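Structure record follows, encoded as structure tokens.
The values are calculated or read from the model by the stated rules, or taken from the named source; none is laboratory data. Small disclaimer: the values here were computed from a predicted structure and weren't measured. With ideal geometry, Cβ positions are generated from the backbone for all residues, glycine too; neighbour counts draw on all protein chains shown.
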2 protein chains.
Amino acid sequence: MLNNISQRASEFPDNPIRGLEPLANQARAAGINIIPLNIGAPDTFSPKQSIESAVQFLQNTPALKYGPSAGNLDLIAQLTRFYTKKCGFTGISPENLMVTQGASEALDLVFYAVADQEDTIATPDPTYPNYLTIANKNSLKMYALPTSIQAGFHLSKESLENLPEDLKAIIWSSPNNPTGAVYQEEELQMLLEISRQRKIWLIADEVYRSLVFEQDKPGFYRAPSILDYATKEDLERIIVLDSMSKLLGLCGARIGSITAPSELIKTMVKIASTRGCPSTISQAAITSINEIPDSFFVDNRAVFQQRRDLLYTKLAELADLGVVVPPQPPEGAFYLVVELTGINGADFAKWLLTEYPALAKTKETLFITPMLTNSGGFYLDRSRGKSQIRLAYVISEELLVKAVEILKKAISLYLSTRK
Amino acid sequence: MLNNISQRASEFPDNPIRGLEPLANQARAAGINIIPLNIGAPDTFSPKQSIESAVQFLQNTPALKYGPSAGNLDLIAQLTRFYTKKCGFTGISPENLMVTQGASEALDLVFYAVADQEDTIATPDPTYPNYLTIANKNSLKMYALPTSIQAGFHLSKESLENLPEDLKAIIWSSPNNPTGAVYQEEELQMLLEISRQRKIWLIADEVYRSLVFEQDKPGFYRAPSILDYATKEDLERIIVLDSMSKLLGLCGARIGSITAPSELIKTMVKIASTRGCPSTISQAAITSINEIPDSFFVDNRAVFQQRRDLLYTKLAELADLGVVVPPQPPEGAFYLVVELTGINGADFAKWLLTEYPALAKTKETLFITPMLTNSGGFYLDRSRGKSQIRLAYVISEELLVKAVEILKKAISLYLSTRK
């Protein structure tokens, strides 16, 4: 049968975050308790305003017809207000916005619309795996802007020199998935300067913007945005991706948005019209976004900051075992990348779900994300990241403490079995 | 700015169904009442079981996390039961199924997975526009199997001779969108025979299967399926697409499914893992599918059959104006394709939304779907279908009567202004 499956589908890269799910399910079926550090699905409660607006929509809509391809008009109006009033962005009108089926559809539309087959898009490396897989699906080439754990995965000026001739865009996430780095003014200005010189698109994935730490300001707060430093002319080359999954802890709703020049939005809406519309029920959940009190964002930020501090501190104590953490705790999102010296991350992640429980005589193990897998991962430069893993601190502090204990035990055991 | 938009995006074909929406909105804003015959969004009520199961899910789920990429396990179990018990299909297990973001995502995944760039897929012509646009997006070539209004748009043996060498699959919808034709055993057997000889995939889009008329059987009834005539070996080359949009009148939920050999499902789930999961709220609406009483399907069928009979009869009376209908009323779905002799469908559809109200001194007009537009449409062979339009009878009988009256008046007026 596999003969009849296309080559491109057969060769589609592993998903480093979800690829080991079958092994995790097997372990669960065998009675093993799995502590999930692999996927960025927060355990925090969804806002009750979102649940209520979705319930009201369902109860007041006798026939669930299609919505507009660009998204429901009332949702677009609310998002415009949210970005303008709450986030403080200027120059965003409804015609600069469209609603998507999560940030992943946004990415697919944007890649298709800004570059033709064999064109190149640059991204900091490591990067978010979907950038690589969706670029590949759209027949694009990717170019790596190397960042390192030692530099806290921040952008360097050197990485931005000698960019390829056929470059159409640079894409990054800040706060960063997987590294948690939050790009500061200097980095964003460097990117703007390149966009001006080369007339290329900047694609800013800001889905974690409300999760930025070490900020004393009260109320809703967000990470620096590319929009903060853009001139009116720059805006003609800037695309911002957003997702309600992370902002509101509504991962399952699959609602994202794109902010871009109106001509590009119009073109992408035409392409997106092939899928009708994003789920109108999910959209209804987001329509109440401006009713969510600041305390929701403040509380979430506090929860994740505490978890980050705890996890970072505990892991830093494992230096003797070869665990390398960045020089500072990451500034945002809810991920931490660590290096496990002498350990193959992909092999170790698999081993934790399969061999570890029996070897350690335990009924509990970890589900972690390797930074590089057989055919996929977070690195474009596949000579890097083999010993790194990504941990998502989306579980309670109690569980995080337990997770680090298991990790400590597992590293020793793994290394001893490999000697 | 348009300079910076990719060529493939700039050249993306018009959407014949949604492309005129901006003109319709302008007319509405000017106080014109628009009778919508353009889009297949039924006005019939969504089943209350679906609304209730979605509401319950929302009220009982404190944190809306991601679901599995293949779809929620409980939904897959319910769909397996629905297809097996209600539809009477054999040989479908949960590993043959995945849940998608509507049938459009299903199509995108299937095309990517069964054919590589520049491979060919055949389809009856006219066909569903998404087949053409999504094939194009996946860099596939399409091959037309001509059908005609005179033959009720049924498949002919001749059209299936001399198929191209690099053919990887045949895709069709039955009941057909746009023609309403329901393929009978003879046609399905012809397709199976080709699949056996050529070892190619058959992709059966059966989203309208519950809307098939002229059947005296009581209770739930469905159109003939490719699965009815497939041997166990045939099943290794058969893919069935489904959508809850049409079956349950839940268009806005955007939930579809793919039934296929387990190896292909596994491959497509890996590709689909880039988008996380379909909306878990929307999925919850479908999980109650087996609780929906037969009367829901029976009543819907009766409503659309009456509308079809009315619309077909009324249009057949306009023969003097050059309106050509198929020799028999279409057997299923809720579309009717008619030929307007001497009229350019795309121009007429636009004119109805722009010039007609003022010319006819009326505040009411029609939104119809041309079968061929500037760069898109339902025809692969662009020398055909210029004078044809598709009418979706998803409005009340009263409105249908009014629509035909407007059409009659508009045709006369249009022809007189063109003389």
| If a residue has to be within 7 Å of another protein chain (Cβ to nearest Cβ) and in a helix (DSSP H, G or I) to count, how many in region A:249-266 make the cut? | 5
| request: Quickly run through region B:55-71 and pick out the residues that are within 31 Å of the chain's Cα centre (by Cα), more than 7 Å from every other protein chain (Cβ to nearest Cβ) and assigned to a helix (DSSP H, G or I). | output: B:Gln56, B:Phe57
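Each row is one residue, and each column tells you yes or no for (1) away from chain A (no Cβ under 14 Å); (2) among the polar types (S, T, N, Q); (3) surrounded by 23 or more Cβ atoms within 10 Å (Cβ to Cβ); (4) in contact (Cβ under 8 Å) with a residue 24 or more places away in the chain.
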residue: B:Ser282; (1), (2), (3), (4): no, yes, yes, yes
residue: B:Glu291; (1), (2), (3), (4): yes, no, no, yes
residue: B:Arg308; (1), (2), (3), (4): yes, no, yes, yes
residue: B:Thr313; (1), (2), (3), (4): yes, yes, no, no
| field | Counted residues, region A:238-248 - those being more than 12 Å from chain B (Cβ to nearest Cβ) and modelled with pLDDT of 95 or more | value | 3
| query | Looking only at region A:144-195, which residues are touching a residue at least 60 places away in the same chain (Cβ under 8 Å) and among the aromatic types (Phe, Trp, Tyr)? | reply | A:Phe153
| query | Is there a residue being among the β-branched types (Val, Ile, Thr), surrounded by 15 or more Cβ atoms within 10 Å (Cβ to Cβ), within 7 Å of chain A (Cβ to nearest Cβ) and touching a residue at least 60 places away in the same chain (Cβ under 8 Å) anywhere in region B:5-16? | reply | no
| remark: In region A:22-77, residues that are among the charged types (D, E, K, R) and crowded, with 19+ Cβ neighbours inside 10 Å total 1
| Which of (1) modelled with pLDDT of 95 or more; (2) surrounded by fewer than 21 Cβ atoms within 10 Å (Cβ to Cβ); (3) not acidic (Asp, Glu) is the odd one out, the single condition A:Ile343 does not satisfy? | (2)
| Pair list, Cβ < 9 Å and 6+ apart or interchain, from region A:386-398 residues that are in the same structural domain as A:Leu37 (by TED's automatic domain parsing) to residues that are of a type in the set (D, E, K, R) and buried (at least 23 other Cβ atoms within 10 Å of the Cβ) | A:Tyr393/A:Arg308
| message | Suppose we filter region A:356-368 for residues that are outside any loop (DSSP other than H, G, I, E, B) and either at positive phi or among the hydrophobic types (A, V, I, L, M, F, W, C) (or both); how many remain? | response | 4
| query | Which one of these does A:Ile271 not meet: (1) closer than 24 Å to B:Ala103 by Cβ; (2) of a type outside the set (S, T, N, Q); (3) modelled with pLDDT under 95? | reply | (3)
| query | Given the residues B:Asp116, B:Asp125, which is the only one that is in contact with a Pro (Cβ under 6 Å, 6 or more places away or on another chain) and either outside the structural domain of B:Leu336 (by TED's automatic domain parsing) or under 28 Å from B:Ser273 (Cα atoms) (or both)? | reply | B:Asp125
| Assuming A:Lys232 fulfils every condition listed in (1) within 14 Å of chain B (Cβ to nearest Cβ); (2) part of a loop (DSSP other than H, G, I, E, B); (3) of a type outside the set (Ser, Thr, Tyr); (4) under 22 Å from A:Tyr393 (Cβ atoms) apart from one, which condition is it? | (4)
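Out of curiosity, is B:Val303 more than 19 Å from B:Ala392 (Cβ to Cβ), under 22 Å from the mean Cα position of the chain (by Cα) and surrounded by fewer than 24 Cβ atoms within 10 Å (Cβ to Cβ)?
no
Looking at the structure I just gave you, is A:Ile32 modelled with pLDDT of 95 or more and either closer than 22 Å to A:Phe297 by Cβ or of a type outside the set (D, E, K, R) (or both)? Please lay out each step first, then the result.
Values: modelled with pLDDT of 95 or more: yes; either closer than 22 Å to A:Phe297 by Cβ or of a type outside the set (D, E, K, R) (or both): yes.
So A:Ile32 fits the description; yes.
For (1) buried (at least 21 other Cβ atoms within 10 Å of the Cβ); (2) aliphatic (A, V, I, L, M), each residue gets a yes or a no:
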residue: A:Ser148; (1), (2): no, no
residue: A:Glu158; (1), (2): no, no
residue: A:Leu163; (1), (2): no, yes
residue: A:Pro178; (1), (2): yes, no
residue: A:Lys199; (1), (2): no, no
residue: A:Tyr208; (1), (2): yes, no
residue: A:Leu211; (1), (2): yes, yes
residue: A:Glu214; (1), (2): no, no
| query | Among the numbered criteria (1) part of a helix (DSSP H, G or I); (2) surrounded by fewer than 24 Cβ atoms within 10 Å (Cβ to Cβ), which single criterion is violated by B:Lys246? | reply | (2)
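Quick one: in region B:206-220, which of the residues that are of a type outside the set (Lys, Arg) and out of contact with any helix residue (DSSP H, G or I) (no Cβ under 7 Å at 6 or more places or on another chain) is farthest from B:Asn177 (Cα to Cα)? Full working, then the answer.
So in region B:206-220, the residues of a type outside the set (Lys, Arg) come out as B:206-208, B:210-216, B:218-220.
Applying the additional criterion that residues be out of contact with any helix residue (DSSP H, G or I) (no Cβ under 7 Å at 6 or more places or on another chain) yields B:206, B:212, B:214-216, B:218.
Values: B:Glu206: 10, B:Val212: 13, B:Glu214: 18, B:Gln215: 20, B:Asp216: 23, B:Pro218: 25 Å.
Across region B:206-220, the extreme among qualifying residues is B:Pro218.
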| query | Consider B:Leu109 against the criteria (1) out of contact with any Leu (no Cβ under 8 Å at 6 or more places or on another chain); (2) not in a helix (DSSP H, G or I): it satisfies all of them except one. Which criterion is unmet? | reply | (2)
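Return yes when B:Lys137 is within 10 Å of chain A (Cβ to nearest Cβ) and either more than 18 Å from the chain's Cα centre (by Cα) or among the hydrophobic types (A, V, I, L, M, F, W, C) (or both) and no when it is not. Break it down stepwise before answering.
On the way: within 10 Å of chain A (Cβ to nearest Cβ): yes; either more than 18 Å from the chain's Cα centre (by Cα) or among the hydrophobic types (A, V, I, L, M, F, W, C) (or both): yes.
Yes: the conditions hold for B:Lys137.
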| message | Here are the criteria: (1) out of contact with any Leu (no Cβ under 6 Å at 6 or more places or on another chain); (2) within 20 Å of B:Pro329 (Cβ to Cβ); (3) of a type outside the set (Ser, Thr, Tyr). Tell me which single one B:Ile368 does not satisfy. | response | (1)
| Taking into account only those residues within region B:21-49 that are farther than 25 Å from B:Asn130 by Cα and charged (D, E, K, R), which is nearest to the other protein chains (Cβ to nearest Cβ)? | B:Lys48
| query | Across region B:41-72, which residue is modelled with the lowest pLDDT among those that are under 27 Å from A:Thr44 (Cα atoms) and of a type in the set (D, E, K, R)? | reply | B:Lys65
| message | Residue under question is B:Ser383, and the condition is that it be under 30 Å from B:Ala9 (Cβ atoms), assigned to a loop (DSSP other than H, G, I, E, B) and over 20 Å from the mean Cα position of the chain (by Cα); does it hold? | response | yes
| message | I'm told B:Ser159 meets every condition in (1) under 20 Å from B:Ile200 (Cα atoms); (2) under 21 Å from the mean Cα position of the chain (by Cα); (3) outside any strand (DSSP E or B) except one. Can you identify the failing condition by its number? | response | (2)
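Among the residues in region B:72-88, are any part of a loop (DSSP other than H, G, I, E, B), within 14 Å of another protein chain (Cβ to nearest Cβ) and at negative phi?
Taking every residue of region B:72-88 in turn, at least one turns out to be part of a loop (DSSP other than H, G, I, E, B), within 14 Å of another protein chain (Cβ to nearest Cβ) and at negative phi.
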